[in-house]
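What follows is a short report on a single structure.
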Amino acid sequence: MLAKWQSAGATEEEFWSASDPQDHKEAYGKTSGEDDALWRRHVPNPRSLLKLAGNPFMLTMLYQVRVREGSLPKNRGELFDRFIRRLLSREGLLARDTQTGEWHMHPAGQKLLDGLAAVAWGMRTSTVVLKTAAGAVLGVGGLKKALDSTILEGGDELRFRHQLLQEYFMARELRRMGLQPPARELWRGPKWWERNGLEETAVLLAGLYSEDCTPVIRWLGEAQPEVAAQCIAESGAEVLDQAGLLGEMQRLWQPRLLGEAEPE
């Protein structure tokens, strides 16, 4: 599609920023109805993985996952799952059954994942963590694997290789803790509606509930309706009863939006 647009004189920026294929008359004259339907289905869709390709780190993940596994995931939460799975398999912590295609996690791999999730959650108010602190959680062997796999990097002060990796592991920790603490404890205070940096974590968390992210929406609904809506719109996860859930959220928030009740 991009090649067709460019052959008609459109720039790459015009291809990605147009509101509809008809915006560029020359390109529209070269494309078919099927082409235009494809564009409308993917380019403006906030749930499309195409949106991730604008981030170099996530584009790298998309490429590596596609090459290794032969397919792309449904959403960014699953993308991170598969990418981390690839890194762990490289370190011998995960193996794939050649007959069934199923992945089997080594106990040390699961311990590393849980440890990284705990480290990420502990780092949410800081960009760095001392090696001694991470070592206490991961153990010497786990810390070496985290560095060898390039999930963590640095010397005495360790960081996740990318901020998105930290947000992914924070999402894993929230899932492991059963969506605790309550969202209203994370978005709180006199300006509870303002963003606090956990929004991408929430979107990734919804993606980890790929088949039905209703529990995440309900968790957020008590505290941050805008982020709950963002998860529905952008996470790529399914909501089995979207009409019912939206009605539930409306009943929860309408009194507060009208000033008839205050958030707890």
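The values are calculated or read from the model by the stated rules, or taken from the named source; none is laboratory data. These figures come from a predicted structure and were not determined experimentally. So basically every Cβ, Gly included, is an ideal-geometry build from the backbone, and we count neighbours across all protein chains shown. For the accessible areas, the whole protein counts, side chains as well, though only heavy atoms, and no ligand, DNA or RNA atoms are used. Shrake-Rupley method; radii C 1.70, N 1.55, O 1.52, S 1.80 Å.
For the pair residue 188 and residue 48, a Förster radius of 30 Å applied to the C-beta separation gives a FRET efficiency near 0.35, rounded to the nearest 0.05. Taking every alpha-carbon pair under 8 Å whose residues sit at least 6 apart, the stretch 62-137 reaches a relative contact order of 15 percent.
Summing Cβ point charges (Lys, Arg +1; Asp, Glu -1) relative to the Cα centre of the stretch 119-168 gives a dipole of roughly 80 debye. Dimensions of the stretch 155-264 based on its C-alpha atoms, expressed as ranges along the principal axes with the largest first, amount to 53, 34, 22 Å.
Note down the relative contact order for the chain as a percent, whole number, built from C-alpha pairs under 8 angstrom at least six residues apart. Contact order relative to length: 14 percent. Measuring nothing but protein heavy atoms, the accessible surface of the chain at 1.4 Å probe radius is 51 percent carbon and sulfur.
The stretch 42-113 and the stretch 12-40 have Cα centres lying 31 Å from one another.
Projected over every direction and averaged, the convex hull enclosing the alpha-carbon atoms of the stretch 1-142 yields 11.9 nm².
Of the GluC sites (Glu not before Pro) found in the stretch 132-224, those that fall in a DSSP loop while having at most 12 other beta-carbon atoms within 10 Å are 194, 211. Springs between Cα atoms under 10 Å define the GNM used for the chain, and in it the highest mean-square fluctuation of 187, 39, 121 occurs at 39.
Rounded to the nearest whole Å², what accessible area per residue is found for the chain with the 1.4 Å probe?
Values: 13990 Å² over 264 residues.
Averaged over the residues of the chain, the accessible area is 53 Å².
In loop segments of the stretch 75-126 as defined by DSSP, the GluC sites (Glu not before Pro) with at most 16 further C-beta atoms inside 10 Å of their C-beta are 102.
So what's Rg/Rh here for the chain, counting alpha carbon atoms and using the Kirkwood radius for Rh? Mind showing how you got there, number by number?
On the way: Rg = 21.2 Å, Rh = 20.7 Å.
Rg/Rh for the chain comes to 1.02.
Of all aspartates and glutamates in the structure, the ones whose alpha carbon falls short of 16 Å from that of residue 74, not counting any fewer than 8 places away in one chain, are 211, 212, 234, 238. Projecting the Cα atoms of 32, 15, 2 onto the charge dipole of the stretch 1-46, computed from C-beta unit charges around the Cα centre, puts 32 farthest toward the positive end.
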